[in-house]
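The values are calculated or read from the model by the stated rules, or taken from the named source; none is laboratory data. Predicted model only: the values in this text are computed from it and were never measured. Note that we place each Cβ from the backbone using ideal geometry, even for glycine, and neighbour counts take in every protein chain shown. To get the accessible areas, we keep the full protein, side chains included, count just its heavy atoms, and leave off ligands, DNA and RNA. Shrake-Rupley method; radii C 1.70, N 1.55, O 1.52, S 1.80 Å.
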Amino acid sequence: GDLDASERLLTGFLDHPVTIRSFKLRFQGAQVFQQVMLGYSDSNKDCGILTAAWALHRAEKAMVDVAAERNVKLGYFHGRGGTISRGAGPTQWFMAALPHGSMSGHFRMTEQGETIAQKYANLSNATYNAELLVASAASTAAQHQYGKNTDDPCIQYVARLAEGSEDAYKELLRTEGFIPFYREATIIDALENSRIGSRPARRTGKKDFSLDDLRAIPWVFSWTQARFYLPGWFGTGSALKKLKDESPQEFAELKENLSKSIFLTYVLTNVETNLASANRELMESYANLVTDEALRAKFMGIILSEFELTRELLTEVFNGSFEQRRPRMSKTLDIREEPLQVLHKQQVNLITEWR
């Protein structure tokens with residue numbers, strides 16, 4: 001909702017008499033600059049990964065146009081999380097996928113606590129990641145300032161895909177019994193009691209559990225810990241199938257032109273990474289924590305159906321399976337799977353005992 005209203009909100013702010021007077025005093029005739037922060041985690045929690053990515057993309061472009069009309073230089077502060085579900089993904093591809101004109105040369109982003117050690121704990125890693133960040137920012141800013149804005153051949157389909165994805169995602173969350181299933185099939189209750197986050201798991205601390213009150217970080221982490229990775233892929237398969245069923249010709253065009261669409265390729269590749277990181281066997285292991293067998297069967301049927309559908313449709317649009325096209329990533333996941341299986345088995349046993 002905030003992203004959809006961003007154009008109107010920024011217009012009201014920039015045109016406000018106090019803002020105009022402040023800019024005159026602050027910049028003294030120099031280029032006026034305004035920073036805008038974009039939140040990634042809650043966008044995803046509200047409507048799913050595909051819709052959130054499109055809403056962010058659309059809002060960035062709209063706000064850049066509003067600022068340009070008023071000769072204001074806009075700089076975005078990207079509040080990206082450490083996991084793909086919360087906005088992460090390869091830095092260079094993330095920047096390349098930004099809407100043309102949105103990279104002014106000023107770039108700010110968060111590095112989440114869970115990724116700082118991974119990226120900056122030693123000199124070699126820190127140097128590599130800092131260089132990647134600076135090089136990507138410089139390259140993208142130059143492209144946006146001096147390069148041509150080339151048409152994305154798949155952008156015309158993204159709004160419909162986002163709509164189909166959001167419908168499937170919200171239908172799952174609104175299905176009767178979802179919250180009891182979620183609270184038992186994941187370790188959200190343990191996360192709420194762990195006190196390891198920088199903020200409480202819920203915004204208000206009300207006794208009645210609701211998804212609106214739950215923060216995005218424990219929402220994503222609870223699904224990750226149970227190896228569902230659900231916020232990072234759910235709804236994508238339904239969206240692609242809907243386009244294929246309703247407009248076979250357009251689906252064929254999307255498939256043919258996907259490699260030329262930096263934005264959609266970036267988003268769908270991230271979805272595929274989450275899908276590959278999920279583990280069906282472990283999903284079922286955590287689902288066995290759900291005491292109501294009918295509830296368990298009901299939701300696992302929905303989730304696993306969407307899981308297989310998404311994998312099938314991504315294989316089709318990318319013209320090959322994940323293992324064939326991304327062997328290095330596939331091998332990396334395979335190597336870490338054996339020790340993770342041991343940890344997950346221990347965690348399931350411990351969570352059962354704790355409950």
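Kindly indicate whether any position in the stretch 343-353 is among the hydroxyl-bearing types (Ser, Thr, Tyr), touching a helix residue (DSSP H, G or I) at 6+ places or on another chain (Cβ under 8 Å) and in a helix (DSSP H, G or I).
Filtering the stretch 343-353 down to residues among the hydroxyl-bearing types (Ser, Thr, Tyr) leaves 352.
With the extra rule that they be touching a helix residue (DSSP H, G or I) at 6+ places or on another chain (Cβ under 8 Å), the set shrinks to none.
No, the stretch 343-353 has no match at all.
Taking into account only those residues within the stretch 16-30 that are more than 16 Å from Met63 (Cβ to Cβ) and outside any helix (DSSP H, G or I), which is most open to solvent (accessible area, probe 1.4 Å)? Steps first, please.
Step one: filter the stretch 16-30 for residues more than 16 Å from Met63 (Cβ to Cβ), giving 17-18, 20-30.
This time we only want the ones that are outside any helix (DSSP H, G or I), so: 28-30.
Values: Gln28: 137, Gly29: 84, Ala30: 61 Å².
Filtering the stretch 16-30 for residues that are more than 16 Å from Met63 (Cβ to Cβ) and outside any helix (DSSP H, G or I), the one most open to solvent (accessible area, probe 1.4 Å) comes out as Gln28.
Evaluate the stretch 97-106: report whether one residue or more is assigned to a helix (DSSP H, G or I) and among the aliphatic types (A, V, I, L, M).
In the first step, residues of the stretch 97-106 are kept if they are assigned to a helix (DSSP H, G or I); the result is none.
Scanning the stretch 97-106 turns up no residue that is assigned to a helix (DSSP H, G or I) and among the aliphatic types (A, V, I, L, M).
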Worksheet item: Hey, among Arg328, Arg311, which residue is modelled with pLDDT of 95 or more, touching a helix residue (DSSP H, G or I) at 6+ places or on another chain (Cβ under 8 Å) and open to solvent by 60 Å² or more (accessible area, probe 1.4 Å)?
Response: Arg311
Practice prompt. Kindly indicate which of Phe13, Phe94, Phe33 is at pLDDT 95 or above, of a type in the set (Phe, Trp, Tyr) and assigned to a helix (DSSP H, G or I).
Written response: Phe13
Practice prompt. Please specify each residue of the stretch 283-295 satisfying the condition of being in a helix (DSSP H, G or I) and open to solvent by less than 60 Å² (accessible area, probe 1.4 Å).
Written response: Met283, Ser285, Tyr286, Ala287, Leu295
Worksheet item: Within the stretch 263-279, can one find any residue that is modelled with pLDDT of 95 or more, farther than 23 Å from Gln92 by Cβ and not in a loop (DSSP other than H, G, I, E, B)?
Response: no
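Which residue out of Glu284, Glu293, Glu306, Glu253 is among the charged types (D, E, K, R) and over 25 Å from Leu172 (Cα atoms)? Give the derivation first.
On the way: Glu284 fails: over 25 Å from Leu172 (Cα atoms); Glu293 fails: over 25 Å from Leu172 (Cα atoms); Glu306 fails: over 25 Å from Leu172 (Cα atoms).
Of the residues listed, the single one that is among the charged types (D, E, K, R) and over 25 Å from Leu172 (Cα atoms) is Glu253.
Take the stretch 216-264 and flag every residue that is of a type in the set (Val, Ile, Thr) and in contact with a helix residue (DSSP H, G or I) (Cβ under 6 Å, 6 or more places away or on another chain).
Pass one, the stretch 216-264, residues of a type in the set (Val, Ile, Thr): 217, 220, 224, 236, 262.
If the condition is that a residue be of a type in the set (Val, Ile, Thr) and in contact with a helix residue (DSSP H, G or I) (Cβ under 6 Å, 6 or more places away or on another chain), then Val220, Thr236, Ile262 are the ones that fit.
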